Amino acid sequence: MSVFDDKKWLTEVFADSGSVFGLAITRKLDEVQSPFQKIAMYETTHFGNLMVIDDVIMLSSRDNFLYHEMLSHPVLFTHPNPKNVVIIGGGDCGTLREVLKHPGVERVTQIDIDEQVTRMAEKYFPELCASNNDPRATLKFEDGIKFMREAAPGSIDVIIVDSTDPIGPGEGLFNRAFYTSCVAALATDGILVQQSESPLIHMPLLKAMRQAMSDAGFASLQTLNFPQMVYPSGWWTCTLAKKNGEFNGFREADAAAAPFSTEYYNVEVHQAAGALPNFVKKAFAE
């Protein structure tokens, strides 16, 4: 839960881990209740604007680049030639912006069930929405689970699941049925990537998610680490799932010569992100 108190601190309590995260705020900017969730915007003292959905912190101006870059560039540089990309969720449009930096990508379809998230992002995070009118981009506001279920077999190169936590609208994006639809929709070299929570405090969820991916038919998995200060524990992950074959590095030369700028992602960061601590290796092996 989050509270807006007299001391001008917004705090999010993580009961399962006995921890709390807070940001000093100057004012509440806006709040809307969509058919799906409550979306609130705050102005913070040091982290720019802040989006909170159903009392859970989603992103801040200061550190969202960490998440958006790591959800986008590793998978796109791991795929041999991504042209058709689908983003499930991603209503703030930060992931869309990063994907569209890749000149080889010909088509990006973003499906988010809640249009209000995008409208609020356009108003309070306009920098994230700068590429929304790119002719390669299509924004749909509908059920991503249904979209994947009805997608043409073998038609998609990369699926990016930029979802909220597995509760509410995001709950159905973490199970075997959804992943089975994704496997069917991916082309031969296809890869899915999904935000996969914190290994420090969400390990049961991360393991269950990886198991569901394997059960759905993905041939190999790779979990990457990155910092994310405004999320529980400050340590986050994303998990890549390959339809066929094993993961065998990425296009390092292309990543090094990328014709666009990033704030966090580079070749060395990508290499290091795949290094797993021993306790994570042990948990994955059990």
### Task
Pick out the one residue from P277, P232, P227, P204 that is in contact (Cβ under 8 Å) with a residue 12 or more places away in the chain, outside the structural domain of G22 (by TED's automatic domain parsing) and either loosely packed, with under 13 Cβ neighbours inside 10 Å or among the aromatic types (F, W, Y) (or both).
P277
### Message
Any residue that is assigned to a loop (DSSP other than H, G, I, E, B), acidic (D, E), touching a residue at least 12 places away in the same chain (Cβ under 8 Å) and farther than 17 Å from L71 by Cβ - is there at least one of those in region 137-150?
### Response
yes
### Task
Please find, within region 121-136, the residue that is nearest to V52 (Cα to Cα) out of those that are touching a helix residue (DSSP H, G or I) at 6+ places or on another chain (Cβ under 6 Å) and in contact (Cβ under 8 Å) with a residue 40 or more places away in the chain.
A121
#### Entry: region 124-136 - residue that is of a type outside the set (A, V, I, L, M) and not in a helix (DSSP H, G or I) and, of those, farthest from K243 (Cα to Cα)
F125
### Task
Confirm whether E252 is loosely packed, with under 15 Cβ neighbours inside 10 Å and in contact (Cβ under 8 Å) with a residue 12 or more places away in the chain.
yes
### Message
Checking the structure you have, find out if any residue of region 9-17 is in contact with a strand residue (DSSP E or B) (Cβ under 8 Å, 6 or more places away or on another chain) and farther than 18 Å from D165 by Cα.
### Response
yes
### Check on V230, at negative phi, in a loop (DSSP other than H, G, I, E, B) and β-branched (V, I, T)
yes
### Message
Give me the residue from region 33-69 that is of a type in the set (D, E) and in a loop (DSSP other than H, G, I, E, B) and, out of that set, nearest to the chain's Cα centre (by Cα).
### Response
D63
### Task
Determine which member of the set A255, A275, A241, A208 is within 20 Å of T78 (Cβ to Cβ), out of contact with any Gly (no Cβ under 6 Å at 6 or more places or on another chain) and part of a helix (DSSP H, G or I).
A255
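Would you pick out the residues in region 146-170 that are at pLDDT 95 or above and more than 16 Å from S72 (Cα to Cα)?
Result: K146, F147, M148, R149, E150, A151, A152, P153, G154, S155.
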### Query
Among the residues of region 16-32, which ones are loosely packed, with under 11 Cβ neighbours inside 10 Å and under 23 Å from the mean Cα position of the chain (by Cα)?
D16
### Query
Using beta carbons and a limit of 8 Å, which pairs, at least six apart or on different chains, have the first residue in region 91-108 and closer than 21 Å to E263 by Cα and the second one among the aromatic types (F, W, Y) and crowded, with 17+ Cβ neighbours inside 10 Å?
D92/F125; C93/F125; G94/F65; G94/Y67; G94/F125
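The values are calculated or read from the model by the stated rules, or taken from the named source; none is laboratory data. Small disclaimer: the values here were computed from a predicted structure and weren't measured. Don't worry about glycine lacking a Cβ; one is built from the backbone with ideal geometry, like all the others, and counts go over all protein chains shown.
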